[in-house]
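Below is one structure, written out as structure tokens; the observations come after it.
The values are calculated or read from the model by the stated rules, or taken from the named source; none is laboratory data. Predicted model only: the values in this text are computed from it and were never measured. Note that each Cβ is placed from the backbone with ideal geometry, even for glycine, and that neighbours are counted across all protein chains shown.
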């Protein structure tokens, strides 16, 4: 019985054909895969970024919520202290790129406001 897989290694996709011979899987063929890229939606609003690296403790808004300049939109734990992340412009939350529990680098986009 043959099975085909698409395996991605270092960002490059390969089509791998595996068959079972004598009870053990054997790789029969490896070739570069032609993978159709799904279109991605680009957020066009103003990014709200993490002031420092840390753990996302809470997201206080959802996509579609209206916010004012200065509204607290997320809580990030930095060095065991909760840090409020605020919107720097008024608008509507266009997208949220993180989830509760994610670890962020300094300057990582948390969400966009349009």
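Can you report the number of residues in segment 96-112 which are buried (at least 17 other Cβ atoms within 10 Å of the Cβ) and within 17 Å of residue 45 (Cα to Cα)? Before the answer, list the steps.
Just the residues of segment 96-112 that are buried (at least 17 other Cβ atoms within 10 Å of the Cβ), to begin with: 96, 98, 104, 108, 110-112.
Add one more test, that the residue is within 17 Å of residue 45 (Cα to Cα), and what stays is 96, 98, 108, 110-112.
Count: 6.
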Selection count, segment 80-96, where residues are assigned to a loop (DSSP other than H, G, I, E, B) and touching a residue at least 40 places away in the same chain (Cβ under 8 Å):
2
Tally up the residues in segment 51-79 that are assigned to a loop (DSSP other than H, G, I, E, B) and closer than 15 Å to residue 105 by Cβ, please.
4
Considering only segment 71-81, state which residues are surrounded by fewer than 16 Cβ atoms within 10 Å (Cβ to Cβ) and at pLDDT 95 or above.
72
Going through 13, 22 one at a time, which residue ends up being over 17 Å from the mean Cα position of the chain (by Cα), on the phi > 0 side of the Ramachandran plot and modelled with pLDDT under 90?
22
Given the structure, is residue 36 exposed (fewer than 15 other Cβ atoms within 10 Å of the Cβ), at pLDDT below 95 and in a loop (DSSP other than H, G, I, E, B)?
yes
